[in-house]
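Reading through the structure tokens given below for one structure.
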Amino acid sequence: MAAPIAGLLLGSFLNVCIVRLPAHASIVAPQSHCQACGAPVRPWDNVPVLSWLWLRGRCRDCGAPISIQYPLVELGTASLFVACVLHSGATWQTIIDAVACFLLLGLAVMDAQTMLLPDTFTLTGVLLALVLKVFAPGVSHRGVVAWKTFEDAVIAAAMLLLVWLLYRVVRHRDGVGMGDVKLLAMIAAFLGLPLALFAYFIAVLCAAIFAIVLVARRKARGQDRIAFGSFLAVAGILAIFAGRPALAWYLGLFHR
Ligand SMILES: [Zn+2]
């Protein structure tokens, strides 16, 4: 029972981060308030999912609609936390996976809405991954673990920087955002380099398909930017749960 409740509560906090971080506002103060009229949210109207339901998605004071994104993010976080427990049981790995899911879900929503991937999530994420792995119970060579995690993050970032450089030289534009570079570094720190590259590959594939559909529907406007970070973050979540078997299957193709 702990996982879904922790998921709902942290999902509620994630909503605060999603609204405030891209706007460079504090995530601690002031307390939650209506986006329309500024009225503070009463504690009993701040219960994850349930409050949104009994207020029928409207502010108690001014009646302005409250985005369905709030309960969805709360339910999403809770579902991911449950999935982490089902995936790895009562282990330290479950905590690492849950922290990664929390950050990735938040980044996916933030990039989709604002085209921003705040350092408060990506760079802090690299640090969190490092600390969680180094201080995992039963780890004997903490220095080696720290170096490996750091190395994976740096190599992942360097690879995406190379893509950025190629874009600049060949097409004279920024094909990769610096936020994407830090996000891939974070995924590599949490999941290791192979799974980060798997996530990158899936994200590029999905973003390309999305772009083709977009162009076909609106008859070619090449300037439109795609929130690639959202694709990468969702692919990162996918890699947590399905990356290892998918990679094993793929590599198995070359060993027949
Ligand atoms: Zn209001």
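Just how far, in whole angstrom, is the stretch 119-163 from the stretch 1-74 if you go by their alpha carbon centroids?
31 Å
Given that compact globular proteins tend to follow 2.2 N^0.38 Å, what is the ratio of the alpha-carbon Rg of the stretch 184-252 to that value? Present the calculation step by step, with values, prior to reporting the outcome.
Values: Rg = 13.8 Å, N = 69, 2.2 N^0.38 = 11.0 Å.
Cα Rg divided by the expected 2.2 N^0.38 Å: 1.26.
Could you tell me which trypsin sites (Lys or Arg not before Pro) in the stretch 1-89 are loop residues by DSSP with no more than 10 other beta carbons within 10 angstrom of their beta carbon?
Values: sites: R20, R56, R58, R60; in loops: R56, R60.
Passing sites in the stretch 1-89 are R56.
Using only C-alpha atoms and all pairs of different ones, pull out the Kirkwood radius for the chain in Å with one decimal. Please report the intermediate quantities before stating the final value.
Details: mean 1/r = 0.0507 Å⁻¹.
Its Kirkwood hydrodynamic radius stands at 19.7 Å.
Compare the peptides 208-216, 129-137, 174-182 by average per-residue count of other Cβ atoms within 10 angstrom and give them in order, highest first. Show your work: numbers first, answer last.
On the way: 208-216: 11.9, 129-137: 15.9, 174-182: 18.7.
Going from most to least packed, we get 174-182, 129-137, 208-216.
Taking amide H atoms as placed 1.01 Å from N in the peptide plane, list the residues 5 or more away in sequence, or in a different chain, whose amide H sits under 5 Å from that of H33.
Excluding prolines and chain starts, which carry no amide H, the hits are V41.
For the chain, what is the charge dipole size about the Cα centre, in debye to the nearest 20, if Lys and Arg each add +1 at the Cβ and Asp and Glu each add -1 at the Cβ? Kindly include the intermediate steps, with their values, before the conclusion.
On the way: 19 positive and 11 negative charges, 121 e Å.
For the chain, the charge dipole is close to 580 debye.
Of all the Cα-Cα pairs you can form in the stretch 138-256, what percent are over 18 Å apart?
Numbers: 4151 of 7021 pairs.
Counting pairs separated by more than 18 Å, the tail of P(r) holds 59 percent.
Calculate, axis by axis, the spread of Cα positions in the stretch 52-132 along the three principal axes, and write the results as whole Å, longest axis first.
45, 29, 18
Could you pull out every whole DSSP H run in the chain that spans at least 24 Å of Cα extent along its own axis and averages -1.0 or higher on the Kyte-Doolittle scale? Don't jump to the answer; show the numbers that get you there.
Details: long enough: 2-20 (27 Å, 1.69); 69-88 (28 Å, 1.04); 92-114 (33 Å, 1.32); 142-171 (43 Å, 1.13); 193-218 (37 Å, 2.18).
Within the chain the helices that satisfy the rule are 2-20, 69-88, 92-114, 142-171, 193-218.
Stretch L53-F254 to full length: gain in nm at 0.36 nm per residue minus the Cα-Cα span? Provide the component values of the computation, followed by the final result.
On the way: separation 201, 0.36 × 201 = 72.36 nm, distance 5.18 nm.
Net length gain for the segment: 67.2 nm.
The numbers here are math on the coordinates, done by the rules we state, and not lab data. Please read these numbers as outputs of a predicted model, since none were measured by experiment. Reconstructed Cβ throughout: ideal geometry from the backbone, glycine too, with neighbour counts over all protein chains shown.
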